[in-house]
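Read the structure below first, then the notes.
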Amino acid sequence: MDRLPDRRLRILYAAGPGDVVGTFRHWKQGYDDPSQVAITYSGQFYEVCDQLGAEAYVISYCDRRDRVADGPFRVENRPAPVSLDAPGPLYRLGQVWAGLRFTATAWRFRPDVMLTMGGAEWFSLGLIPRLLGVKVIVTFHGHLWRVARPPGGIDRFLWKLNGRFFRRYGKAFMYISDSIADQLRTLIGPSDVPVLRSRPSSRAELFRPAPSAPPPPAPPYRVFYAGRIEHNKGVFDLLDVAKRFVAEGRNDVEFDLCGDGSALEELCRRAREAGLSDRFRCHGHVQKRQMAGWYQKAHMIVAPTTSESIEGLNKVVVEAVLAGRPVVTSRVCPALEYVRDAVLEVPPDDTRAYGDAILRLIDEKALYEEKRRGCAASTEQFYDPAQGWGATLRKALRLIGAIPDTNQAPAGIPLEVAASRAC
């Protein structure tokens, strides 16, 4: 086991917006978080710490305030002090304040390693490695800025400060798409610091017998969207596509959308006003078993993320491919680099092109089957724990000297854990 020989390793983890407390409680009982289809990053983190015998303090900025202390784990949902929807200057001040609160936690906890996904302006965390000698690992799960629009004005200045933090204190970086790594390199320049790629991880059991499972009989042809219901996710573009199809007499196409978000009520209202409630259906948030069922009911998945988004990797695209369903998306979606053979690519922000691509997959049977075969060829990478985030974290810890380099292969992420752990 990669355990420090003289004392217990202490890791402070600044996680993302997920419910890390809820995930911990499920993990403690030996189960994946049922609200997520992919294996959560925080669940993988708990598993790595358990295998290393490490002590961990995990903080997310989930809106549901909660905390738990259990043995070597302290886990906290600490909502952001300022809403993401706040005006720019106020939001930035809130991010700095979040960094100072996190610094106070670090001072009390005295970690050996700080793993940070965000939740604060990165430069505001600089006192932690400076005063405590902490080794910093940064894990990027979203783009640093919009792909189509580099930062300007005050944002450009703040990214210069963040870049200085990365260059001075970053001992290892983890990322999930090449376009994120490209943005990082513009900030840190040439460097010998490890920059490690990981892939999202899923359970093969959830998607079997996919990707060989055939689509349901048609018509109607069912187009599926899953994810946040927000303007920058392109969901209103999908509504425009549905309106176009009706106007052109294509009454053989229906849309199902699963997910929650600030624009859900508006989207449902506009679908009703357009008289499309029977063929443009919003189902809200669903659990992962239900989500797997929706994938199987669909003929294709569309990810119309706009160029205004900074998402790092749309896991829904990966899940669609694991379910054996072709995907329509654009280069703005970084998941494309993993599953290109299963995707029909369109120009970003081009509503007409999305509609045309959907109709091509319906009307060109050979193209549809070609993309289905591309799904089957792309699946194994997401079932291989050695390529997952948890294994990459272990590698980063070894490379920065936080744990011994034993040259042993990283352990997998078991579906069930020993019953003794739940006691």
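The values are calculated or read from the model by the stated rules, or taken from the named source; none is laboratory data. A quick note: this is a predicted structure, and the numbers were derived from the prediction, not measured. SASA here: full protein model, heavy atoms, side chains in, ligands and nucleic acids out. Shrake-Rupley method; radii C 1.70, N 1.55, O 1.52, S 1.80 Å.
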- Note on the structure: Here region 93-102 yields Karplus 3J(HN,Hα) values (6.51, -1.76, 1.60; θ = phi - 60°; whole Hz; Gly and Pro given as x) of 4, x, 5, 5, 4, 4, x, 5, 4, 5
- Calculated on alpha-carbon atoms, Rg and Dmax of region 1-115 in Å: 14.9, 49
- Roll a 1.4 Å probe over the protein chains and send me the accessible area per residue for region 290-341 in Å². 23 Å²
- Query: So what J values fall out for region 36-53 if you push phi through Karplus, 6.51 cos²θ - 1.76 cosθ + 1.60 with θ = phi - 60°, rounded to Hz, Gly and Pro as x?
  - Reply: 10, 7, 6, 5, 5, 5, 5, x, 5, 4, 4, 5, 4, 4, 4, 5, 8, x
- Taking amide H positions as placed in the peptide plane 1.01 Å from N, state which residues far from Met174 in sequence (5 or more) or on other chains have amide H under 5 Å from it. Val138, Thr139, Phe140, Leu196
- Please report the base-10 log of the normalised intensity I(q)/I(0) for region 233-307, using a Debye sum with one equal scatterer per alpha carbon and no solvent, at each q in 0.17, 0.25, 0.26 (1/Å). -0.67, -1.36, -1.42
- Item | Extension gain (nm, one decimal) between Gln51 and Leu127, 0.36 nm per residue minus Cα-Cα | 24.4 nm
- Task: At 25 °C and 0.890 mPa s, grab the translational diffusion coefficient of region 352-406 from Stokes-Einstein with a Kirkwood Rh over Cα pairs, rounded to a whole number in µm² per second.
- Result: 168 µm²/s
- Note on the structure: Compactness summary of region 192-271: radius of gyration and Dmax from Cα atoms, Å, are 17.6, 58
- Using modelled amide H (1.01 Å from N, peptide plane; none on Pro or chain starts), what sits under 5 Å from the amide H of Val58, excluding residues fewer than 5 places away? Tyr13, Arg74, Val75, Glu76
- Using only Cα atoms, locate the centre of region 146-197 and the centre of region 230-279, then give the distance between them in Å, rounded to an integer. 36 Å
- Message: Going by amide H atoms built from the backbone, whose H comes under 5 Å of the H on Phe280, apart from near neighbours?
- Response: Phe255
- Which entries of Lys28/Lys315; Lys297/Lys371; Lys243/Lys297; Lys28/Lys171 show an alpha-carbon separation above 27 angstrom in the structure shown? Lys28/Lys171
- In order over region 162-178: 3J(HN,Hα) from phi, Karplus 6.51/-1.76/1.60, θ = phi - 60°, whole Hz, x for each Gly or Pro, gives 5, x, 5, 4, 4, 5, 7, 10, x, 9, 7, 10, 10, 8, 10, 8, 4
- So Glu265 and Arg65, fully extended at 0.36 nm per residue minus their Cα-Cα distance, gain in nm 69.6 nm
- Task: Determine by what factor the alpha-carbon radius of gyration of the chain differs from 2.2 N^0.38 Å, reporting the quotient.
- Result: 1.00
- Item | Spherically averaged projected area in nm², based on the convex hull that wraps the Cα atoms of region 63-107 | 3.5 nm²
- Query: Over the chain, what percent of the accessible surface lies on carbon and sulfur atoms, probe 1.4 Å?
  - Reply: 52 percent
- Query: Where does the chain land at 222 nm, in deg cm²/dmol rounded to the nearest 500, when only DSSP H runs of n ≥ 4 count, each adding -39500 (n - 2.57), divided by all residues?
  - Reply: -11500 deg cm²/dmol
- Item | Normalised contact order of region 207-262, rounded percent, pairs of Cα under 8 Å and 6 or more residues apart | 52 percent
